[in-house]
1. What does the charge dipole of the stretch 9-182 about its Cα centre add up to, to the nearest 20 debye, if the Cβ of each Lys and Arg holds +1 and the Cβ of each Asp and Glu holds -1?
2. Ala154 to Leu264: extension gain in nm, 0.36 nm per residue of separation minus the Cα-Cα distance?
3. Separation of the stretch 369-398 and the stretch 221-279 by C-alpha centroid, Å?
4. Rank by packing, highest mean first: peptides 170-181, 358-369, 288-299, with packing defined as the count of other Cβ atoms within 10 Å averaged across residues.
5. Add +1 for every Lys or Arg and -1 for every Asp or Glu among the other residues with Cβ under 15 Å from the Cβ of Asp107, and state the total.
6. Once the Cβ-Cβ distance between Ala53 and Glu296 is put in as r, and R0 is 45 Å, what FRET efficiency do you end up with, to the nearest 0.05?
7. Please give the net charge around Val279, taking every other residue with its beta carbon less than 13 angstrom from that of Val279, where Lys and Arg add +1 and Asp and Glu add -1.
8. Ordered by packing density, taken as the mean number of other Cβ atoms within 10 Å over each peptide's residues, highest first, how do 307-319, 388-400 rank?
Amino acid sequence: MPSDNTSKRILLGIGGGIAAYKSIELVRHLRFLEAEIVPVLTRNAARFVTATALQAVAGNPPRSDLWDAAAEAGMGHIELARWADAVVIAPATANLIARLANGIADDLLTTLCLATQAPRFIAPAMNTKMWEHPATRRNVARLSADGATLLGPADGEQACGEFGPGRMVEPADIATAVWRAIAAPAVLAGTKVLVTAGPTREFLDPVRFISNRSSGRQGFALAEAAQAAGADVTLIAGPVQLPTPAGVERVDVVSAEEMRQAVLARARGADVLFAVAAVADYRPAQFHERKLKKDESWATRLALRENPDIVAAVAATCELPLVVGFAAETHDALANARKKLNAKNLDAIVVNDVAVPGIGFDSADNAVTMLHASGETVLPKMPKRAIAQRLITEVAALLAQRPAPAPAVPPVAAKG
Ligand code: CTP
């Protein structure tokens, strides 16, 4: 079974509930994080998702039978239990939770769960009444007391038509929770990270502005991933409709000038700046206090001024160990990005081709290349959160290669 030292090895236990069809999606999300997956199906799970489909996405044949002599000869169940860095059970049905809570080992999955010392993540999925039943409440409490991490369930409409708690947490959220716990081993602990995100707005009058299509999602995902990796994160956000990631300090700004001031006020002492914001290059030369009227034919007299370059200013003056720029290009993406890397004196630049449909603007996915002095890293199309998590790993490695700062010279004590 292929595996290197950095990829995480995950046993994905799949219970027999309707949400089992989402396990295909969950495998995809875990694989974006470079995890190696062995799916393990309960007997009933095989009614909802096929071994063929799972094998295709996981790249490893699913296991299901404790008595499968051929599979056991390849890697026996105790060996498999030792192999895992984490066990993720999604969906976990009421019955599976009951068996796990009581230490019953009557199939391959429950046997592995007893034999493993790896952390267990459990994403329940069941009818609301089953979830609220005192027996399930007792079993869940016991599993938590035994050290398992419960992920959800989420509230909402269920396959049976009822509303309430019992829906399986979305695959992307399960993957992120597992990544936080096992794959982001505080690689940025003790560091201070600044992230700029979103567009800026450059007002002409109280109702009109110049801006761009940036949604802020990639920057917010980076702030979330940096925080998960142990950093102290400040997110300087242009006008976007996104919730603040947990544990992240957010500073809202509107114009490029406000963003510049917010960044420069916080850049000294920071370790990394991710300049993800799509800063407007120009602003109207003059702001009009009153709304301009059409008959003033303002459009034909519109004068623009260039905005200051924030990331270049930080790279030139703030002595940060790492300054990472972002570039959204429509043509000659790599050549343009390399020019910006050099012109702005950045340590790295992450470039995406926004002319490619399905990535970048207005999309949950992205595909990027990170260029830096010692090479380039290509990340194929995947969700922006997964891109962010992979970039954090790359940037932590770049940061670790930096020479340690010279020790401060202690002040000479005055004599006399
Ligand atoms: N950037 C910045 N301040 C600006 C413009 C850009 O800090 N006034 C940063 C962005 O946050 C990004 C990088 O510079 O990290 C590249 O942004 P981009 O808009 O692609 O670069 P420009 O220099 O504006 O180039 P272009 O001619 O492609 O608009």
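1. Values: 16 positive and 17 negative charges, 45 e Å.
I would put it at about 220 debye.
2. Length gained, Ala154 through Leu264: 35.6 nm.
3. 18 Å
4. 170-181, 358-369, 288-299
5. 0
6. Values: r = 63 Å, r/R0 = 1.40.
So the FRET efficiency works out to roughly 0.10.
7. Its environment carries a net charge of -1.
8. Packing order, densest peptide first, comes out as 388-400, 307-319.
The values are calculated or read from the model by the stated rules, or taken from the named source; none is laboratory data. This one's a predicted model, so the numbers in the text were calculated from it and none came from an experiment. Virtual Cβ from ideal backbone geometry, glycine too; neighbours counted across all protein chains shown. Remember, those area values only see protein heavy atoms, side chains included, never the ligands or the DNA or RNA. Shrake-Rupley method; radii C 1.70, N 1.55, O 1.52, S 1.80 Å.
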